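**Student:** Take this structure, written in structure tokens, and hold onto it; I'll ask about it next.
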Amino acid sequence: RRFWIKPSVRFLTNYLKEHPVDIVITTGPPHSVHLIGLHLKRKLKVRWLADFRDPWTGIYYYKELKLSRLADRKHSRLEEVVLREADVVTVVGDHMMEEFSNKVERPYPVITNGFDEDDFGVQAKALIDGKFSIAHFGTIYPLANPLKFWDVLADKVKSDSSFAQMLEIKLVGKADHTVLSTIAEAGLDSYVRKIGYLPHNDVVIEMQKSQVLLLLVNTTPQAKGILTGKLFEYLAARRPILCLGPTDGDAAKLISNLNAGYNTAYSDDNSMRSIIDAYFEKFKQGNLMCESTNIGQFSRRELTRQMAEVLDKMLA
């Protein structure tokens, strides 16, 4: 995605000479946008903030790109140049901050993803699902397929008739065919409600209606730093979260600190079983609720304030 760099630099160089700005902000991926910022800083001596929403060479699928040694070295070199030459580099989480610090030692302000308060202005508590719905939103890729989790649900269905009567697995978005096959093999096909893609407003309502929100990180070594925007919308929906992913990752830490739900590893079926048992017991008692606190710090209003502070310091 590099072929827009030269024409963009050429256009923006002329534009910025006629319309000067205090700071250029680049946000990626695609990380080629940071190379545009790099050239503008060098040519125009303008202040430059590089904002990373995802890692560069540390992204979990980087090795799947099957790059040549030369291409890999070039990616690493360009990444280091951006980290060194940007006036400020912002990141979305602690793990990315540590990863970048090991490459280029400097401060990395953390500004996470977040949620728009206006999207969640109307709570749908009166519409909460009557069934014990475990809902996943977005795409489920093969790397995130929770094999043991489907087995845990299947075992509970067989051993607990009340659970079998009340279980509903909601898939809002797309699930890879291998994921759907695994669910069918576990004997859970009849419990699945495939909703498909929805407008964002309807997605928010479905989140608020669901009994449990399922967050699947993935099983790669780089998964510790994954903090998707979806997690913050889950927080805003104020329904209990069940996160499958690294127990020492950024997502797990956030969910634990905010008392927003539980996190367990993909391999820990005993922990999954305990969490499902606890959630279902509360569901039967009519008090399955999320007791998360202090989520306002992740509203886009607050995150914008944090970014404004960073920009003010750049101009001081």
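**Student:** Once you list every other residue whose beta carbon is under 13 Å from the beta carbon of L143, what net charge do they have if Lys and Arg are +1 and Asp and Glu are -1? Walk me through the numbers on the way to the answer.
**Tutor:** Details: positive: K63; negative: E64, D176.
For residues surrounding L143, the net value is -1.
**Student:** Also: Say the dipole of the chain comes from +1 at the beta carbon of Lys and Arg and -1 at that of Asp and Glu; which of T13, T293, N113 then lies farthest toward its positive end?
**Tutor:** Positive-end residue among those listed: T13.
**Student:** So how compact is region 9-101: Cα radius of gyration and Dmax in angstrom?
**Tutor:** Expressed in Å, the Cα Rg and Dmax of region 9-101 come to 14.1, 43.
**Student:** Excluding ligands, DNA and RNA, what is the solvent-accessible area per residue of region 20-103 at a probe of 1.4 Å, expressed in Å²?
**Tutor:** Numbers: 4430 Å² over 84 residues.
Solvent-accessible surface per residue comes out at 53 Å².
**Student:** Go ahead and run the numbers for FRET between E291 and D189, Cβ-Cβ distance against an R0 of 35 Å, rounding to 0.05.
**Tutor:** Values: r = 34 Å, r/R0 = 0.96.
E between E291 and D189, to the nearest 0.05, is 0.55.
**Student:** Could you work out the helix-only [θ] at 222 nm for the chain, with each DSSP H run of four or more residues adding -39,500 (n - 2.57) and the total divided by the number of residues, to the nearest 500 deg cm²/dmol?
**Tutor:** Details: 12 runs with 142 residues, N = 316.
Calculated mean residue ellipticity at 222 nm is -14000 deg cm²/dmol.
**Student:** Once the Cβ-Cβ distance between H75 and D160 is put in as r, and R0 is 30 Å, what FRET efficiency do you end up with, to the nearest 0.05? Please report the intermediate quantities before stating the final value.
**Tutor:** Values: r = 50 Å, r/R0 = 1.68.
It comes out at approximately 0.05.
**Student:** Among the listed pairs K156/K253; K63/K230; K253/K282; K66/K170; K66/K148, which have their C-alpha atoms separated by more than 31 angstrom in this model?
**Tutor:** Correct reply: K66/K170.
**Student:** Taking the Cα centre of region 1-133 as origin, work out the dipole magnitude from +1 charges on Lys and Arg Cβ and -1 charges on Asp and Glu Cβ, in debye rounded to 20.
**Tutor:** Details: 22 positive and 19 negative charges, 223 e Å.
Computed about the Cα centre, the dipole is about 1080 debye.
**Student:** Who wins for biggest fluctuation among N102, N218, N113 in a Gaussian network model of the chain, springs between alpha carbons below 10 Å?
**Tutor:** Among N102, N218, N113, the largest mean-square fluctuation in the Gaussian network model of the chain belongs to N102.
**Student:** Further question on the same structure: Keeping all protein chains in position, work out how much accessible area H19 exposes to a 1.4 Å probe, and write it in Å² to the nearest 10.
**Tutor:** For H19, the solvent-accessible surface is approximately 80 Å².
**Student:** Next question. Write down, largest first, the equivalent ellipsoid semi-axes of region 226-316 in whole Å, where each equals the square root of 5 times an eigenvalue of the alpha-carbon gyration tensor.
**Tutor:** Equivalent ellipsoid semi-axes, largest first: 32, 16, 8 Å.
**Student:** Using only alpha carbon positions, build the gyration tensor of region 98-188, then give the equivalent ellipsoid semi-axes as the square roots of 5 times its eigenvalues, largest first, whole angstrom.
**Tutor:** Details: eigenvalues 235, 102, 31 Å².
Taking √(5λ) for each Cα gyration eigenvalue gives 34, 23, 12 Å.
**Student:** Using a 1.4 angstrom probe, figure out how much accessible area region 210-281 has per residue, in square angstrom, rounded to the nearest whole.
**Tutor:** Details: 2390 Å² over 72 residues.
Dividing the accessible area of region 210-281 by its residue count gives 33 Å².
**Student:** Next up: Find which of H136, G245, S32 sits farthest along the positive direction of the dipole of the chain, computed with +1 on the beta-carbon of Lys and Arg, -1 on that of Asp and Glu, about the Cα centre.
**Tutor:** The residue sitting farthest along the positive end of the dipole is S32.
**Student:** Any idea what % of Cα-Cα pairs in region 9-59 are farther than 18 Å? Walk me through the numbers before you get to the answer.
**Tutor:** Numbers: 372 of 1275 pairs.
Value for region 9-59: 29 percent of Cα pairs lie more than 18 Å apart.
**Student:** So what J values fall out for region 299-316 if you push phi through Karplus, 6.51 cos²θ - 1.76 cosθ + 1.60 with θ = phi - 60°, rounded to Hz, Gly and Pro as x?
**Tutor:** My calculation for region 299-316 gives 6, 5, 4, 5, 5, 5, 4, 5, 5, 4, 4, 4, 5, 4, 5, 5, 9, 5 Hz in order.
**Student:** Determine the share of the chain's accessible area contributed by carbon and sulfur atoms, expressed in whole percent, with a 1.4 angstrom probe.
**Tutor:** Numbers: 8440 of 16360 Å².
Carbon and sulfur atoms account for 52 percent of the accessible area of the chain.
**Student:** Tell me, what ³J(HN,Hα) does each residue in region 47-59 have, in order and in whole Hz, if you take phi through Karplus 6.51 cos²θ - 1.76 cosθ + 1.60 with θ = phi - 60° and put x for Gly and Pro?
**Tutor:** 5, 9, 10, 9, 10, 9, 7, 9, x, 9, 6, x, 5
**Student:** Compute the longest continuous run of the chain that contains no exposed chymotrypsin sites (Phe, Trp or Tyr not before Pro); treat a site as exposed when its DSSP state is not H, G, I, E or B and it has at most 13 other Cβ atoms within 10 Å.
**Tutor:** Details: sites that count: F3, Y61, Y197.
Free of exposed loop sites, the longest segment is 62-196.
**Student:** Right, here's the next one. How big is the shadow of the Cα convex hull of region 1-159, averaged over all directions, in nm²? Before the final figure, lay out the partial values.
**Tutor:** Details: hull surface 58.6 nm².
The number I arrive at for region 1-159 is 14.7 nm².
**Student:** Give the lysines whose C-alpha is closer than 16 Å to that of K45, dropping any in the same chain fewer than 8 places away, or say none.
**Tutor:** K17
**Student:** Would you work out the charge dipole size for region 168-225 about its Cα centre, treating the Cβ of every Lys and Arg as +1 and the Cβ of every Asp and Glu as -1, and quote it to the nearest 20 debye? The partial results should precede the final answer.
**Tutor:** Numbers: 6 positive and 6 negative charges, 31 e Å.
Its charge dipole is roughly 140 debye.
**Student:** Under a 1.4 angstrom probe, counting protein chains only, how are T27, T90 ranked by accessible area, largest first? Walk me through the numbers before you get to the answer.
**Tutor:** Numbers: T27 70, T90 0 Å².
Solvent-accessible surface, decreasing: T27, T90.
**Student:** With charges set only on the Cβ (+1 for Lys and Arg, -1 for Asp and Glu), what does the dipole of region 174-294 come to about its Cα centre, in debye to the nearest 20?
**Tutor:** Details: 12 positive and 13 negative charges, 60 e Å.
Dipole magnitude for region 174-294 comes out near 280 debye.
**Student:** How big is D for the chain, in µm² s⁻¹ as a whole number, if Stokes-Einstein is applied with the Kirkwood radius of its Cα pairs at 37 °C and 0.692 mPa s? Walk me through the numbers on the way to the answer.
**Tutor:** On the way: Rh = 21.5 Å.
The calculation lands on 153 µm²/s.
The values are calculated or read from the model by the stated rules, or taken from the named source; none is laboratory data. Predicted model, so just to flag it, every value in this text is computed and none were measured. So basically every Cβ, Gly included, is an ideal-geometry build from the backbone, and we count neighbours across all protein chains shown. The accessibility values were calculated without ligands, DNA or RNA, using every heavy atom of the protein model including side chains. Shrake-Rupley method; radii C 1.70, N 1.55, O 1.52, S 1.80 Å.
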